[in-house]
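To start, the structure under review is shown below, and the notes come after it.
The values are calculated or read from the model by the stated rules, or taken from the named source; none is laboratory data. Just so it is clear, the structure is predicted and the values come from calculations on it, not from any experiment. Positions of Cβ are backbone-derived with ideal geometry, glycine not excepted, and every protein chain shown enters the neighbour counts.
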Amino acid sequence: MSEIEKIMDNLLQEMKRGTLVLTVLLNTDESRYGYSLVQSLQDKGVEIEQNTLYPLLRRLEKQNLLESSWDTSESRPRKYYRISREGRAIRDSLLKEWQRTNSLIETMLSPEDKI
């Protein structure tokens, strides 16, 4: 891998990490367990590994942005996560900032640069 490819790879990873919180908060209006959330996100084109998602879910729960509950009715207990009231407020603020930033970037692009 060339030096420029390494730089690009690192920058893309940083950008993806920066959007994962918003992505998770946008996809937990309904209760979901970790693996189902990974599958749902991957179905939507979001590449995320379980070893990335689970620590993020625990951190968001600790920050009171997600609520959790255990379902022990099946043979294998599952922890379900759902966005909290505080999480919705944060999500809405992050989404507004995302849209504002996206709009600013769009205005900086010349017509031939726009994707």
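Conditions (1) more than 13 Å from the chain's Cα centre (by Cα); (2) of a type in the set (Gly, Ala, Ser), marked per residue:
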position: Lys16; (1), (2): no, no
position: Thr28; (1), (2): no, no
position: Gly34; (1), (2): no, yes
position: Glu47; (1), (2): no, no
position: Gln63; (1), (2): yes, no
position: Ser73; (1), (2): yes, yes
position: Arg88; (1), (2): yes, no
position: Arg100; (1), (2): yes, no
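Part of a helix (DSSP H, G or I), surrounded by fewer than 10 Cβ atoms within 10 Å (Cβ to Cβ) and not basic (Lys, Arg): does that describe Asn51? Answer is yes for this residue.
Just one residue in the set Trp70, Trp98 is surrounded by 10 or more Cβ atoms within 10 Å (Cβ to Cβ) and touching a Lys or Arg at 6+ places or on another chain (Cβ under 6 Å); that residue is Trp70.
I'd like the full set of residues that are under 17 Å from Leu66 (Cα atoms), part of a helix (DSSP H, G or I) and not small (Gly, Ala, Ser), limited to segment 26-40.
Kept after step one, since they are under 17 Å from Leu66 (Cα atoms), are these residues of segment 26-40: 26-38.
So of that shortlist, the ones also part of a helix (DSSP H, G or I) come out as 26, 34-38.
Passing the criteria: Leu26, Tyr35, Leu37, Val38.
With the requirement that a residue be aromatic (Phe, Trp, Tyr) and in contact with a helix residue (DSSP H, G or I) (Cβ under 7 Å, 6 or more places away or on another chain), what does segment 36-74 give you?
Taking segment 36-74 and keeping what is aromatic (Phe, Trp, Tyr), we get 54, 70.
Within segment 36-74, Tyr54 is the sole residue that qualifies.
Val46 passes every criterion in (1) at pLDDT below 95; (2) loosely packed, with under 15 Cβ neighbours inside 10 Å; (3) not aromatic (Phe, Trp, Tyr) apart from (2).
Residue under question is Leu11, and the condition is that it be surrounded by 14 or more Cβ atoms within 10 Å (Cβ to Cβ) and either charged (D, E, K, R) or on the phi < 0 side of the Ramachandran plot (or both); does it hold? Criteria not met by Leu11.
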